[in-house]
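Contents: one structure, followed by commentary.
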């Protein structure tokens, strides 16, 4: 093996170790949530059931609550690693089953919102960068500030009123039946999510393209006599690398936005489940969803970094040197 | 007076000066609604003392009813009065959050940026951890499980906002620390505390001000998102987020019940954001 590939291997190993470490710390914090809640953890885990001594003792044994904090954490973590996320205090359903049930809808919502985002943000971002400083660029940039700042639940409520109550174009509430009806129900919430997200992706795209247009090779290509069109194509192809890789993280962070939008539109996805679990102090469910989100985001970030390594030789060089 | 080398007074005016003296559009456009909202926040107790008192006999009135411009909600509270009173929780908490987290940011950020070492490492790891999850999710989970009312939520959000502030101030400090005036202060033998607080801090204040403005807008959205989900606001207390979730059931009877607080939220958040953006560009602060 050459020195270069050793460096590469070391970079990958270090990056993997960092991800595992981050997830371990996150799992520790998530476990600590149980003790953050005011009151006796055993009673909190029991939920609305009447606490008689036997059930309390049973819960204490099940969650190892009499043992020191470290051992509680270790036995909980062992369970999680074996896929046992505990039971919801509402109705004693296994948390894994509960989450799997809801995850599909959240994924559909996030996917649709992502498609809308790309359709709005990429053309506007590229266009604005090509005409930087023009009235069109300034107008869209101000609109992007509005989009980033506007709270999704307020925008969602306005959309429900205009699209659902006034124009009666879309159903205003609920999941709908699986299939086309479901997708039809998901359009307004996906638009709501896409407004905030598109503003972000627009800024990102505009910066990336502007950055490439300022590079020396663009000036050189132009001075060699390449047409405007050809130089732009060159710049665009290079700008796509940072855009595509950061889109991965954008998609992962989309899950934070689904909480409010699902509640606003009365959808039964993971976000709404998290919100109601927090209200009911259904701690096992809260722990599971938080940990799942952290894992999805950490793994996406890892995948993004490794993709960078594969597609961009410059990054590869920097990582190995 | 003879002119210098044939130049008239008009030629001596910097052409940029005219643009600078023109009334700036964005601060004025954003300032008007913000001053109005701020006025309501400070004097709501005097403007609308009975906003939270409902009259059950005039519940669910549509907008435009006599005496109720925007109608009433489920328990007969006037939407206009509620929306004016709601400015209080919408503004006070976020301003306290922005100030509190910037205080932490200035203290720890200058320390991390100027001293480096272990402090720097620990602080940046803490920030990394918080940035590993969507902020909405952390705010919801922590504020929800602690469940201690308005000021506990404010405290939780200060802790969640401070890493960004620490990062911003740290970056600004790092870019200042290598400049000649700091070097000469060190050569003169000033104590590092004096250098940090008398020389570094004044020079990162522009960054601090921009970050604070943007934080107020973000805190406003976060706080009202939590109250929309039923957290941080006592039942019956006027609040825009709470009004939005209460108003959803009234959409077909009195849409103004949710549209008025919704529009107020969007306009306020946007105005603060645009103002922050404008200041950032004017002061030449790097994002």
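The values are calculated or read from the model by the stated rules, or taken from the named source; none is laboratory data. What you see is a predicted model, and the numbers here were worked out from it, not measured in a lab. Note: ideal-geometry Cβ built from the backbone for every residue, glycine included; neighbour counts use all protein chains shown.
The listed residues are B:145, B:190, B:157, and the only one of them that is in a loop (DSSP other than H, G, I, E, B) and either within 30 Å of residue A:296 (Cα to Cα) or out of contact with any strand residue (DSSP E or B) (no Cβ under 9 Å at 6 or more places or on another chain) (or both) turns out to be B:190. Residues in the range A:60-68: is at least one surrounded by fewer than 13 Cβ atoms within 10 Å (Cβ to Cβ), in contact with a helix residue (DSSP H, G or I) (Cβ under 6 Å, 6 or more places away or on another chain) and more than 14 Å from chain B (Cβ to nearest Cβ)? The answer is yes; a qualifying residue exists. Quick check: is even one residue across the range A:121-129 within 22 Å of residue B:269 (Cβ to Cβ), facing chain B (nearest Cβ under 8 Å) and surrounded by 18 or more Cβ atoms within 10 Å (Cβ to Cβ)? Within the range A:121-129, not a single residue is within 22 Å of residue B:269 (Cβ to Cβ), facing chain B (nearest Cβ under 8 Å) and surrounded by 18 or more Cβ atoms within 10 Å (Cβ to Cβ). If the condition is being within 27 Å of residue A:253 (Cβ to Cβ) and facing chain B (nearest Cβ under 7 Å), then the range A:156-169 contributes A:157, A:158, A:160. When A:133, A:225 are screened for being more than 24 Å from the chain's Cα centre (by Cα), surrounded by fewer than 17 Cβ atoms within 10 Å (Cβ to Cβ), within 14 Å of another protein chain (Cβ to nearest Cβ) and farther than 22 Å from residue A:117 by Cα, only A:133 passes.
Of all residues in the range B:264-287, those being facing another protein chain (nearest Cβ under 8 Å) and under 18 Å from residue B:88 (Cβ atoms) number 3. Under the condition of being more than 7 Å from chain A (Cβ to nearest Cβ) and in a helix (DSSP H, G or I), which residue from the range B:251-263 is surrounded by the fewest Cβ atoms within 10 Å (Cβ to Cβ)? Residue satisfying both the conditions and the ranking: B:263. The residues in the range A:307-320 that are surrounded by 15 or more Cβ atoms within 10 Å (Cβ to Cβ) and either under 19 Å from the mean Cα position of the chain (by Cα) or assigned to a helix (DSSP H, G or I) (or both) can be counted, and the count is 7. Per this entry, residue B:239 is counted among residues that are more than 10 Å from every other protein chain (Cβ to nearest Cβ) and crowded, with 24+ Cβ neighbours inside 10 Å.
Being closer than 24 Å to residue B:212 by Cβ, within 14 Å of chain A (Cβ to nearest Cβ) and part of a helix (DSSP H, G or I) narrows it down to one residue among B:90, B:98; which is it?
B:90
Is it fair to say residue B:104 is surrounded by fewer than 21 Cβ atoms within 10 Å (Cβ to Cβ), in contact with a helix residue (DSSP H, G or I) (Cβ under 6 Å, 6 or more places away or on another chain) and in contact (Cβ under 8 Å) with a residue 60 or more places away in the chain? Spelling it out, residue B:104 is indeed surrounded by fewer than 21 Cβ atoms within 10 Å (Cβ to Cβ), in contact with a helix residue (DSSP H, G or I) (Cβ under 6 Å, 6 or more places away or on another chain) and in contact (Cβ under 8 Å) with a residue 60 or more places away in the chain. From the list B:259, B:233, the lone residue that is under 30 Å from residue B:72 (Cα atoms) and free of Cβ contacts under 8 Å to residues at least 40 places away in the same chain is B:259. Counted as qualifying within the range A:1-94 are the helices (runs of 4 or more DSSP H) with 3 or more residues that are under 25 Å from the mean Cα position of the chain (by Cα), namely A:3-36, A:69-81.
Which residue, of B:242, B:248, is at pLDDT 90 or above, farther than 21 Å from residue B:171 by Cβ and outside any loop (DSSP other than H, G, I, E, B)?
Selected residue: B:242, the only one of B:242, B:248 that is at pLDDT 90 or above, farther than 21 Å from residue B:171 by Cβ and outside any loop (DSSP other than H, G, I, E, B).
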